[in-house]
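> Here it is: the structure, laid out below.
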Amino acid sequence: MKRLSPRSLFAIGFSAALALTLAWFAYGAAASRARVEIFTPQGVAPCAASRTPEPAIFQTQTLLARFDFYRVLEPPFGPEPVEVDITFPDGRVFTISAAQFLDGVIDMPTNVQFARFSNNAGQLSLNITIPGTWPYGCYRLSGRGLSSGGANTASAFFVVIPGGRPGPTGTATLRATLNGQETSVIQQGQILEIDGRGFIGGEQVSFWLTAPDGTVIDFPPGQAVVQATPSGAVSTSFQFEGKNPVGRYTVTALGNTSGFRVFAHFELISRPVTQRGPARLSVVVPSGAVAPQRSIFYANGDLFFPGERVDLWLTLPDGAVRGFPSTFADPVSGQFMVELFLDERLPVGFYQLTAQGAVSQQLVIATFTLTQTADTIANPQPVPQVGLDNNPSTPPNLSFTDPDPTNINEYGNPDE
């Protein structure tokens, strides 16, 4: 049974120059007094998860999380190790350590448990900096006491909001083009070309993307920072792949000397896919086509050519595509069955699994729904044999690799 604690709003100082607004919302287990408070510098904002205003923060800013009454409940009383997890607006769940290593696209670092100990009074404080790889929306921060077997468990919410000032545009302009033609729509798999004018001659100009959910995405090395020509012109490009979610994007160009900041907006859409052939595909768990994160889904195919390779890929709720390792149809029946372990690092929502026969070219799609898990991630399982690929621009026949955990954008998200 969860209990809503009182909420209040007042100012405290991180330092003499920075005032923080306190607004906290905590849940506590009936068997303990465990509590979480969150302090942020931006007042409050609406939270869809709690349905009440919660502490607000911009990307690149730092919040303070305070955990109270995390102590061993039986003699000898004393400090308790506390596992801290965070639930993202789209339902993904990460340990607080793993959440600092998201790349903004694949976002599949291993959820390794890392507990912090409270002091003798049962208190623990954490400073958490919000990177640009965290999207806009309402987050839930949870602390689970490990010595108490989870009896000391509490959580609180905060909201990442659009922030930052546009800055002066000066004489600078920016446009997005496709094959030399100005465009506002581009498909996954195509290359977006960006041209800028009016910067200071010879200055360095930085580029980055803001995804539909507010996540900041780096340009590739060599394309993220470009030197303007003597006349102040710059150009760069970005290869959009299936791994990029669909929706409205913003590309930002910032003159590092002039401070000129300009934007170009465009829509990324998915590539058209047409089902063909008599092949059949279904995705199920014992209860049907709906199950929580950390479930094993079973994909069953039929009527493929006997023995042919079948390539598989998954379309996430945001339209991003992830490749799975290929499988082979039975050499007699043309059937196959694979297990899909979908853990808490994946968003909740409506999924599509696509199977294509390498010889028959039959293509069939099955749908299923992933819901929020109620399980803890304090004891994470190893990465399964069938996993998500981090470069599915050509979906078939790909293997699993984790993303580079160091690829975090330095700018945050000043696009709004």
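> Magnitude of the Cβ-charge dipole of the range 64-223, K/R +1 and D/E -1, about the Cα centre, nearest 20 debye?
For this selection, approximately 360 debye.
> When only the heavy atoms of the protein chains count and the probe is 1.4 Å, how do 144, 271 rank by accessible area, highest first?
Values: 144 55, 271 80 Å².
Listed by decreasing accessible area, they come as 271, 144.
> State the answer as a single residue: which of 251, 360, 312 lies farthest towards the positive end of the charge dipole of the range 235-387, with beta carbon charges of +1 for Lys and Arg and -1 for Asp and Glu, about the Cα centre.
251
> Provide the per residue accessible area, probe 1.4 Å, for the range 165-259, rounded to a whole number of square angstrom.
Numbers: 4060 Å² over 95 residues.
Heavy-atom accessible area per residue stands at 43 Å².
> Can I ask one more? Assign unit charges at the C-beta atoms only (+1 for Lys and Arg, -1 for Asp and Glu), then state the dipole size of the range 233-332 relative to its Cα centre in Debye, rounded to the nearest 20. Kindly include the intermediate steps, with their values, before the conclusion.
Numbers: 9 positive and 7 negative charges, 55 e Å.
Charge dipole, the range 233-332, about its Cα centre: 260 debye, nearest 20.
> Something else about it: Mind running the shape call on the range 188-233? Use the C-alpha gyration tensor, a ≥ b ≥ c as the square roots of the eigenvalues: rounded below 1.5 for a/c, prolate if a/b tops b/c, oblate otherwise.
Working: a/c = 2.30, a/b = 2.00, b/c = 1.15.
It comes out prolate by the Cα gyration axes.
> On a 1.4 Å probe surface of the protein chains, which of 371, 169 comes out largest in accessible area, and what is the full order? Provide the component values of the computation, followed by the final result.
Numbers: 371 50, 169 70 Å².
Highest to lowest solvent-accessible surface, that is 169, 371.
> Something else: Which whole-number percentage describes the relative contact order of the range 127-204, with Cα contacts under 8 Å and a sequence gap of 6 or more?
22 percent
> Further question on the same structure: Can you pull the three principal axis extents for the Cα set of the range 289-345, in Å, largest first?
That works out to 36, 20, 16 Å along the principal axes.
> If we count every other residue with Cβ under 12 angstrom of residue 268's Cβ, Lys/Arg +1 and Asp/Glu -1, where does the sum land?
Details: positive: 243, 248, 271; negative: 241, 267, 318.
Here the count lands on 0.
The values are calculated or read from the model by the stated rules, or taken from the named source; none is laboratory data. Just so it is clear, the model here is predicted, and its values are computed rather than measured. Cβ: placed from backbone, ideal geometry, glycine included. Neighbour counts: every protein chain shown. For the accessible areas, the whole protein counts, side chains as well, though only heavy atoms, and no ligand, DNA or RNA atoms are used. Shrake-Rupley method; radii C 1.70, N 1.55, O 1.52, S 1.80 Å.
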